[in-house]
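The values are calculated or read from the model by the stated rules, or taken from the named source; none is laboratory data. From a predicted model like this one, the values you see are computed outputs, not experimental measurements. When we count neighbours, we look across all protein chains shown, and the Cβ atoms used for this are built from the backbone with ideal geometry, even at glycine. What goes into the accessible areas is simple: the full protein's heavy atoms, side chains included, and nothing from ligands, DNA or RNA. Shrake-Rupley method; radii C 1.70, N 1.55, O 1.52, S 1.80 Å.
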There are 2 protein chains.
Amino acid sequence: MKDGPDISRVAALIGDPGRANMLAALMSGKALTAGELAAEAGVSAQTASAHLQGLEAGKLISRARQGRHHYFKLASDDVAGVLEALMGLAAKTGQLRTRTGPRDAELRLARVCYNHLAGDLGVALFDGMMARGFLHVKADQLGLTAAGYKKMAALGIPVEGKSRAPLCRECLDWSERRSHLAGRLGRSILDHVYAQGWAKRVEGSRAVRFTGLGGTAFRTAFEF
Amino acid sequence: MKDGPDISRVAALIGDPGRANMLAALMSGKALTAGELAAEAGVSAQTASAHLQGLEAGKLISRARQGRHHYFKLASDDVAGVLEALMGLAAKTGQLRTRTGPRDAELRLARVCYNHLAGDLGVALFDGMMARGFLHVKADQLGLTAAGYKKMAALGIPVEGKSRAPLCRECLDWSERRSHLAGRLGRSILDHVYAQGWAKRVEGSRAVRFTGLGGTAFRTAFEF
DNA sequence: CACATAGTTCGCTCCAAATCGAAGCATTAA
DNA sequence: TTAATGCTTCGATTTGGAGCGAACTATGTG
């Protein structure tokens with residue numbers, strides 16, 4: 001029964017280890033060059049070039065030429081969503097690539113998911129904002145309440161924006177198997193966390209490391 | 001950065017057209033035999049056998065032996081979730097397998113998603129139940145309200161169950177790109193729809209065809 | 001028992017795609 | 001200008017795995 005969209009093309013693109021590594025690297029939200037992605041995937045530049053063409057043709061990534069560099073990023077949040085969903089399933093079916101180690105624990109606590117905060121802290125933030133009445137679900141749409149808008153203004157976090165992307169979105173965690181906050185607001189909050197110096201990205205990883213004071217300040221600011 | 005679970009194994013399993021067709025067929029929620037799945041995928045019995053072994057080893061499907069028949073079904077709702085997510089992405093990136101035709105329209109209106117109702121009607125049902133206050137979201141968990149429990153009891157729809165699966169779950173539609181009701185309640189409601197004779201499955205498709213009276217009765221019963 | 005059906009295993013062929021060496025553009029630096 | 005860097009294209013090789021014919025096992029039926 002050839003119903004619905006063709007899954008297999010997209011899945012096949014993700015199904016190659018090299019391309020999957022590239023996509024995983026792009027989950028950080030940062031745009032990476034072809035060379036960097038080749039290193040991530042552990043393949044030669046020529047091979048990477050071919051793979052990147054495929055991913056671009058399949059509309060999973062987009063390319064921006066800047067001088068002699070080609071910067072790639074995920075084509076949309078939907079792609080990131082599918083990748084996280086696949087990670088969740090892969091984790092559940094026991095296909096963990098690495099045994100749980102110290103690095104894994106750090107990832108579980110706080111990490112970047114595309115462009116917003118995921119992990120223990122991301123889930124706690126989401127739950128806290130729901131409990132405090134800053135977020136609500138209405139007609140199946142996640143949104144800021146009046147109190148939420150007020151709070152964001154008080155913290156100096158921008159909520160307006162020209163982009164047509166939704167302000168609030170839920171995103172499922174592969175480590176927690178619970179939702180955390182994505183969308184434009186999720187991105188703004190993570191930017192705020194960086195700007196306040198509460199946390200920094202760990203070099204060469206998706207982990208986000210909070211300072212002792214930063215963690216406290218973060219929880220205080222968002223009241224959770 | 002080899003962080004997180006290994007996506008590519010799972011994706012590669014879904015990435016073969018034959019296996020993808022099998023999985024799509026299993027989205028109906030019905031357990032199918034190896035032979036039926038071979039026909040779905042358009043391959044010989046031997047090839048199908050090999051594919052089914054792979055999918056089973058990858059924990060995407062589970063097998064139940066009954067006499068000389070082997071019945072297969074999706075291993076978990078998470079698998080169904082990933083498949084729907086992939087369908088959503090594939091539809092968005094324009095990888096539609098078939099041009100929109102009469103069959104497509106029927107699918108868009110009402111279809112089976114794993115074991116519950118999806119499509120226009122599924123989304124409308126979900127929205128209606130939220131609007132009527134039968135469903136609510138609390139601490140990021142979708143659930144029945146007191147009014148909802150009362151309504152289900154009045155309609156004779158069972159809500160208790162020994163299974164540990166959640167009673168209510170949201171599930172994203174690939175055609176509507178909105179949520180509809182999944183989980184044990186979603187299944188119970190679809191069972192009720194069949195039992196009342198309001199609708200029937202279309203042979204050899206995931207479409208659900210409502211009778212004129214059935215459609216009206218369905219909307220009346222759930223007040224949307 | 002023989003016979004039919006459902007599914008698997010074995011052996012083989014074949015092809016798509018992953019890979020890289022070498023060469024070719026394009027951009028920036030000296 | 002020449003040289004260096006980043007990326008792509010071309011050409012050739014290799015291989016994983018998808019596919020099927022044939023034979024085998026297991027279950028059910030007459």
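Residues A:Glu160, A:Glu170: which one is open to solvent by 60 Å² or more (accessible area, probe 1.4 Å), in contact with a strand residue (DSSP E or B) (Cβ under 9 Å, 6 or more places away or on another chain) and modelled with pLDDT under 85? Full working, then the answer.
Values: A:Glu160 fails: in contact with a strand residue (DSSP E or B) (Cβ under 9 Å, 6 or more places away or on another chain).
Result of the check over A:Glu160, A:Glu170: A:Glu170.
Restricting to the stretch B:138-157, name every residue that is aliphatic (A, V, I, L, M), open to solvent by 40 Å² or more (accessible area, probe 1.4 Å) and closer than 30 Å to A:His180 by Cβ.
Correct list: B:Ala139, B:Ala146, B:Ala147.
Kindly indicate the residue of the stretch B:31-53 that is more than 10 Å from DNA strand C (Cβ to nearest atom) and within 12 Å of another protein chain (Cβ to nearest Cβ) and also most open to solvent (accessible area, probe 1.4 Å) among those meeting that condition.
Here is the first cut: in the stretch B:31-53, the residues more than 10 Å from DNA strand C (Cβ to nearest atom) are B:31, B:40-43.
The next check asks that each one be within 12 Å of another protein chain (Cβ to nearest Cβ); those that pass are B:40-42.
Numbers: B:Glu40: 37, B:Ala41: 14, B:Gly42: 65 Å².
It comes out as B:Gly42.
Considering only the stretch A:117-149, how many residues are under 18 Å from A:Asp77 (Cβ atoms) and without any contact (Cβ under 8 Å) to a residue 40 or more places away in the chain?
So the answer is 3.
Give the stretch B:54-64 a look and list any residue that's within 12 Å of DNA strand D (Cβ to nearest atom) and open to solvent by 50 Å² or more (accessible area, probe 1.4 Å), or say none. Spell out the reasoning first.
Applying the first criterion (within 12 Å of DNA strand D (Cβ to nearest atom)) to the stretch B:54-64 yields B:54-55, B:57-58.
The one that is within 12 Å of DNA strand D (Cβ to nearest atom) and open to solvent by 50 Å² or more (accessible area, probe 1.4 Å): B:Ala57.
Do you know which residues across the stretch B:190-217 are among the hydrophobic types (A, V, I, L, M, F, W, C), in contact with a strand residue (DSSP E or B) (Cβ under 7 Å, 6 or more places away or on another chain) and modelled with pLDDT of 80 or more? Give the steps one after another, and end with the answer.
Here is the first cut: in the stretch B:190-217, the residues among the hydrophobic types (A, V, I, L, M, F, W, C) are B:190, B:193, B:195, B:198-199, B:202, B:207-208, B:210, B:213, B:217.
From what's left, in contact with a strand residue (DSSP E or B) (Cβ under 7 Å, 6 or more places away or on another chain): B:190, B:193, B:198-199, B:202, B:207-208, B:210.
Listed by number, the residues that qualify are B:Leu190, B:Val193, B:Trp198, B:Ala199, B:Val208, B:Phe210.
Which pairs turn up if I take residues in the stretch A:65-93 that are at the interface with another protein chain (Cβ under 7 Å from one of its Cβ atoms) and open to solvent by less than 50 Å² (accessible area, probe 1.4 Å) and look for partners that are within 16 Å of DNA strand D (Cβ to nearest atom) and assigned to a loop (DSSP other than H, G, I, E, B) with beta carbon separation below 7 Å, at least 6 apart in sequence or on another chain?
Within 7 Å, the pairs are A:Val79/A:Leu60; A:Ala90/B:Asp6; A:Thr93/B:Gly58.
Any chance you could count how many residues in the stretch B:5-30 are within 13 Å of chain A (Cβ to nearest Cβ), more than 8 Å from DNA strand D (Cβ to nearest atom) and either surrounded by fewer than 20 Cβ atoms within 10 Å (Cβ to Cβ) or under 20 Å from the mean Cα position of the chain (by Cα) (or both)?
Step one: of the stretch B:5-30, the residues within 13 Å of chain A (Cβ to nearest Cβ) are B:5-28, B:30.
Next, from what is left, pick out any that are more than 8 Å from DNA strand D (Cβ to nearest atom): B:5-11, B:13-14, B:20-28, B:30.
This time we only want the ones that are either surrounded by fewer than 20 Cβ atoms within 10 Å (Cβ to Cβ) or under 20 Å from the mean Cα position of the chain (by Cα) (or both), so: B:9-11, B:13-14, B:20-28, B:30.
The total comes to 15.
Within 22 Å of B:Arg169 (Cα to Cα), away from DNA strand C (no atom under 13 Å from the Cβ) and not assigned by TED's automatic domain parsing to the domain that holds B:Leu26: does that describe B:Ala91? Don't jump to the end; show me each part of the working.
Working: within 22 Å of B:Arg169 (Cα to Cα): no; away from DNA strand C (no atom under 13 Å from the Cβ): yes; not assigned by TED's automatic domain parsing to the domain that holds B:Leu26: yes.
So B:Ala91 does not fit the description; no.
So, of the residues in the stretch B:94-128 that are within 16 Å of the chain's Cα centre (by Cα) and modelled with pLDDT under 75, which turns out to be most open to solvent (accessible area, probe 1.4 Å)?
Restricting to residues being within 16 Å of the chain's Cα centre (by Cα) and modelled with pLDDT under 75, the top hit is B:Arg108.
Could you figure out which of (1) modelled with pLDDT under 90; (2) not assigned by TED's automatic domain parsing to the domain that holds B:Arg184 isn't true of B:Leu60?
(1)
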